[in-house]
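The values are calculated or read from the model by the stated rules, or taken from the named source; none is laboratory data. None of these values were measured; they are calculated from a predicted model. Cβ sites come from the backbone with ideal geometry, for glycine too, and all protein chains shown count toward neighbours. What goes into the accessible areas is simple: the full protein's heavy atoms, side chains included, and nothing from ligands, DNA or RNA. Shrake-Rupley method; radii C 1.70, N 1.55, O 1.52, S 1.80 Å.
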Amino acid sequence: MAILALCIIIGIIVVIYALLRFSVRISYSFESTAKNKASVIVKYFFFTLYENPESEKRKKAKAKKLAKKEKKVTKKKTSKKPVKKKEPPKKDIIDEINDFSEEETEQKIIELEKEISEQKELYNESVKKASIKERKKTNKTPKPKKSKKPKKQGKLSQIKEKWNMIKPYAPLTWKTLRRLLKKIRFYNTEIDIMLGNEDPYKAAVNYGYANMAFYQSLAFLCMIFSIKIKSCDLNTEFTEKKLEVKLSGNVYIRVSTILGILLCYGAKMLKIYLSERSKNSTDKKQDKELLKNEQ
């Protein structure tokens, strides 16, 4: 039994490890001239998590689900509702009085008179209470003015305090962020840009500026992410004014690596927090000792 349980545990661990080792694949494409300009498909372990625009198969499946729901709603509406029994019409007060005998009518009149007298007494009491409250308000002595509170700290000092709180964690967060971004891998990236202008001089100038800006920004992105470029073209046309952009590629994000980085970050953050806490406690003790010595 013990060997079987051990085998099951090892099997579960292997399956979890295998699942985490699989990458989330995002395939994207963008065309400025096409009807559906952008399309994004997110897949993980042969399952499509997100798709935009949706494929025909998924659209048909959604349509079927909606049709089933509509049928259920129509069935509920058509089902017969229970018929409510009509209640007999209520008698008027005059009819009720006519049904009473002379003795009963006299008793009813006495009861009504008592109720009216009780309500009058309650009203008089409420009026008396209101008048007493108004007198108290008028006779109240003015309260002494409160001493002005010390002014709050300025915004700069508050920002400095917050920065001092965050400062020990800042370098670690920056390093982990860089590591996370570097683990996002771009494969088979294809970039095709076409610039054009009717005036050849303007077209040449625009091409020069675009060339400089595009390749510098691409180099900066390559520093942040790990990008593998399949093709990259930037062309011009001197006869027509246009701007066409085509982008396509795949993005891979491995779940296990991201989880590992985050766990490592959490452990290091805890270590820094404990060290800072111990420092603050020692500083407080030293300050107390100095005060005692001065006294």
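The table below gives the values:
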| read-out | value |
| --- | --- |
| Residue pairs, from the table LYS202/LYS246; LYS37/LYS246; LYS35/LYS242, whose Cα atoms sit over 19 Å apart | LYS202/LYS246 |
| Theoretical gain in end-to-end length, ASP192 to SER29 [0.36 nm per residue, Cα-Cα removed] | 57.5 nm |
| Environment charge at ASN235 (Cβ cut-off 10 Å; Lys +1, Arg +1, Asp -1, Glu -1) | -4 |
| Charge sum, other residues only, whose C-beta stays under 12 Å from GLU244's C-beta, Lys/Arg counted +1 and Asp/Glu -1 | -1 |
| In nm, spacing of pseudo-spin labels at GLU113 and LYS160 (7 Å Cα→C-beta vector) | 8.6 nm |
| Net charge of neighbours whose Cβ lies under 15 Å from the Cβ of GLU125, counting Lys and Arg as +1 and Asp and Glu as -1 | +2 |
| Set of the range 17-48 residues, backbone N closer than 13 Å to the point 7 Å along the Cα-Cβ line of ALA63 | none |
| For a label point 7 Å along the Cα-to-beta-carbon line of PHE225, residues of the range 245-276 with backbone N under 14 Å | 247-254 |
| With every protein chain in place, the range 161-286: carbon and sulfur % of accessible area (1.4 Å) | 63 percent |
| Share antiparallel - DSSP beta bridges, the range 173-295, percent rounded to 5 | 50 percent |
| Placed amide H near THR236: partners under 5 Å, 5+ positions off or other chain | LEU195 |
| FRET efficiency, 1/(1 + (r/R0)^6) with R0 35 Å, evaluated for GLU106 and LYS128 via beta carbons | 0.55 |
| Built amide H within the under 5 Å cut-off of SER32, gap 5+ | VAL245 |
| Per residue, in Å², the accessible surface of the range 181-271 once ligands and nucleic acids are set aside, probe 1.4 Å | 65 Å² |
| Long-range amide H partners of VAL40 with built H, under 5 Å | ASN52 |
| Pairs from LYS155/LYS271; LYS167/LYS271; LYS162/LYS279 whose Cα-Cα separation, in the structure shown, is over 25 Å | LYS155/LYS271 |
